[in-house]
Amino acid sequence: MSIPVRVRFAPSPTGPLHIGGVRTALFNYLFAKKNGGTFYLRIEDTDQTRFVPGAEEYIMEALEWLGISPDETIGKNEKFGPYRQSERKHLYKQYADLLIDSGNAYYAFDTAEALDAHRKQHEEQGKTFIYNHHNREKLDTSLVISEEETANRIASGQDYVIRFKTPVNETLHLQDIIRGEVKFETNLLDDKVLFKSDGMPTYHLANIVDDHLMETSHVIRGEEWLPSMPLHVLLYRAFGWEAPEFAHLPLILKPVGNGKLSKRDGDKMGFPVFPLEWKTAEGVSSGYREKGFFPETVINFLALLGWNDGTEKELFSLEELIEAFDLTRVHKSGAKFDPEKNKWFNHQYLVKQKNKTLAKAFAPIIESKNVSRDFTFSEMTKIVALIKDRAHFVSEFWELSDFFFVAPTSYDEKASKNWKEETPALMEELISVLEEISDFTSVNIETIVKDWMTKNEIGMGKVMQPFRLSLVGALKGPHLFDIVEVIGKDETIRRIQKAITLL
Ligand code: GLU
């Protein structure tokens, strides 16, 4: 029997969740759902100096908005709880002690000043100070003092840390689901701190202990954690626990140039790098939600950052992603972030929305404008249907449809050149034709107006362009007779009359 799939998203609440973190959560979610497994959220807040109030709530809200909430977390199916590491504080010491007892870890008493001095001294010689096998027996550690002395120092309250005693002279051949075999030389690793005398574990110890206790089957996380993989695997070995499988996701790269996508790139090019807006005393960082992106859009473009299904298919719903997702198809090389393409995705999801849903979103914008009369919900729905093909965001609707709500007050200069000497007379005639129409619907109006033009041998352009100019103020917008139907007979005639006097 294969072990059940249990994967986790384990962010540190140090600020708003970066879009790269959201992708990590998404890939974990997809992998869990694809394999009938469990996706849980664990908050890694052992570093209290970096704790930011509100960050945890932000993470939960972002996942919920995207529709990828965890199956287990704080306050939800707490089978393996607590899910906040600061509340598991009492658990970790015993595991650090186990490593001491088995000779896989040691106490180090070096003061911050002493370590600084070592660093400086190395720098002066053009070297980097690494705390590991080649010097750990020359430093202030339990490896060189007696057990009794170690016990005395701890009892007297001297500050210490517990460091991992990295094995020497080993080449680790590790398996990563995405990268295949990855090799590490243990001699190049440093003896990482696992536990501090203030009673707090470091990330490495807490992460391994919790992944084990919470029965994590696969660790899926960003490439920046690949260098930690040898230590993590060695820790599992030292505890005598079976390690989970590992998959390190490729970096998300800037839209142009090389390097990791940063908040600065977003600010420079005007796109968010956070799912939701994040406000601090220093200012506001924009979010995809507030910019008018649909959660479906964000899910879709994130899924394609480093993964595809092997075909040209680009549009995937969450359900389709679950169906198609395969960790072994995730790429090794970095994935370029493409903000323009993201807008294209939003357009795709915008046109798929129900017109009523879009009208509901548009209504407050209309309300904030000075419109000539009250528009019914069904009128708004009609208008939205006519313009949505041209929009990426609901926020663009007003610009695309303002002429439905307010008569033009000026006319596009270039287009006004189409207003000729004979135009006013033709427009007067057009008014008489319109006045006679009782079934004032787009197709009917079109038929009647076109019949009139044909019968009188009036060229299309001669009527249609000035007609549009009168209603819209420019030569833009959806099908003219659709506009005529929506704004209605009286308003249409009023606008033509106004154009005759103004142009
Ligand atoms: N707390 C780590 C982070 O902030 C978790 C890394 C991991 O998944 O092991 O991303």
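Observations on the structure shown:
- Every condition in (1) crowded, with 17+ Cβ neighbours inside 10 Å; (2) within 30 Å of Leu305 (Cβ to Cβ) holds for Gly180 except the one numbered (1).
- Where a residue in the range 222-244 is closer than 28 Å to Trp307 by Cα and within 12 Å of the ligand (Cβ to nearest atom) and its partner, wherever it lies, is in a helix (DSSP H, G or I) and hydroxyl-bearing (Ser, Thr, Tyr), with Cβ under 9 Å and at least six apart: Gly222/Thr24; Ser228/Tyr203; Pro244/Tyr236
- Boolean, Lys279 is open to solvent by 10 Å² or more (accessible area, probe 1.4 Å), more than 15 Å from the ligand (Cβ to nearest atom), closer than 27 Å to Trp65 by Cα and not in a loop (DSSP other than H, G, I, E, B): yes
- The sole residue among Phe195, Phe129 that is at pLDDT 95 or above, part of a loop (DSSP other than H, G, I, E, B), in contact with a Lys or Arg (Cβ under 9 Å, 6 or more places away or on another chain) and of a type in the set (Phe, Trp, Tyr) is Phe129.
- Yes/no for Ile387 being more than 23 Å from Pro272 (Cα to Cα), at pLDDT 95 or above and assigned to a helix (DSSP H, G or I): yes
- Applying the criterion of being among the acidic types (Asp, Glu) and more than 14 Å from the ligand (Cβ to nearest atom) to the residues of the range 187-215, the residue that is surrounded by the most Cβ atoms within 10 Å (Cβ to Cβ) is Asp191.
- Considering the range 56-91, and only residues there that are aliphatic (A, V, I, L, M), touching a residue at least 24 places away in the same chain (Cβ under 8 Å) and in a helix (DSSP H, G or I), the residue that is surrounded by the fewest Cβ atoms within 10 Å (Cβ to Cβ) turns out to be Leu91.
- Within the range 158-177, the set of residues being in contact (Cβ under 8 Å) with a residue 40 or more places away in the chain, surrounded by fewer than 17 Cβ atoms within 10 Å (Cβ to Cβ) and within 22 Å of Ala108 (Cβ to Cβ) comprises Gln158, Asp159, Pro167.
- Which numbered condition His218 fails, given (1) within 12 Å of the ligand (Cβ to nearest atom); (2) out of contact with any Asp or Glu (no Cβ under 6 Å at 6 or more places or on another chain); (3) open to solvent by less than 50 Å² (accessible area, probe 1.4 Å): (2)
- Residue-level analysis places Tyr106 outside the set of residues that are part of a loop (DSSP other than H, G, I, E, B), open to solvent by less than 50 Å² (accessible area, probe 1.4 Å), more than 26 Å from Met214 (Cβ to Cβ) and of a type in the set (Ser, Thr, Tyr).
- All of Ala151, Ala117, Ala155, Ala96 fail the test of being small (Gly, Ala, Ser) and either in contact with a Phe, Trp or Tyr (Cβ under 6 Å, 6 or more places away or on another chain) or crowded, with 17+ Cβ neighbours inside 10 Å (or both), apart from Ala96.
- The set of residues in the range 1-28 that are farther than 22 Å from Lys263 by Cα and either within 14 Å of the ligand (Cβ to nearest atom) or among the β-branched types (Val, Ile, Thr) (or both) comprises Ile3, Val5, Arg6, Val7, Arg8, Asn28.
- Residue check, Val351 touching a helix residue (DSSP H, G or I) at 6+ places or on another chain (Cβ under 9 Å), surrounded by fewer than 16 Cβ atoms within 10 Å (Cβ to Cβ) and modelled with pLDDT under 95: no
- Of residues in the range 421-447 being in contact (Cβ under 8 Å) with a residue 40 or more places away in the chain and not in a helix (DSSP H, G or I), the one least open to solvent (accessible area, probe 1.4 Å): Ile437
- Any hit, the range 43-51, residues being closer than 21 Å to Ser86 by Cβ, of a type in the set (Ser, Thr, Tyr) and either in contact with an Asp or Glu (Cβ under 7 Å, 6 or more places away or on another chain) or assigned to a helix (DSSP H, G or I) (or both): yes
- Filter result for Thr297 (assigned to a helix (DSSP H, G or I), touching a residue at least 12 places away in the same chain (Cβ under 8 Å), under 20 Å from Val219 (Cβ atoms) and among the polar types (S, T, N, Q)): no
- Matching residues, the range 382-406, being within 26 Å of Thr501 (Cα to Cα), crowded, with 19+ Cβ neighbours inside 10 Å and among the aliphatic types (A, V, I, L, M): Leu400
The values are calculated or read from the model by the stated rules, or taken from the named source; none is laboratory data. Since this is a predicted model, take the numbers as computed values, not measurements. So basically every Cβ, Gly included, is an ideal-geometry build from the backbone, and we count neighbours across all protein chains shown. What goes into the accessible areas is simple: the full protein's heavy atoms, side chains included, and nothing from ligands, DNA or RNA. Shrake-Rupley method; radii C 1.70, N 1.55, O 1.52, S 1.80 Å.
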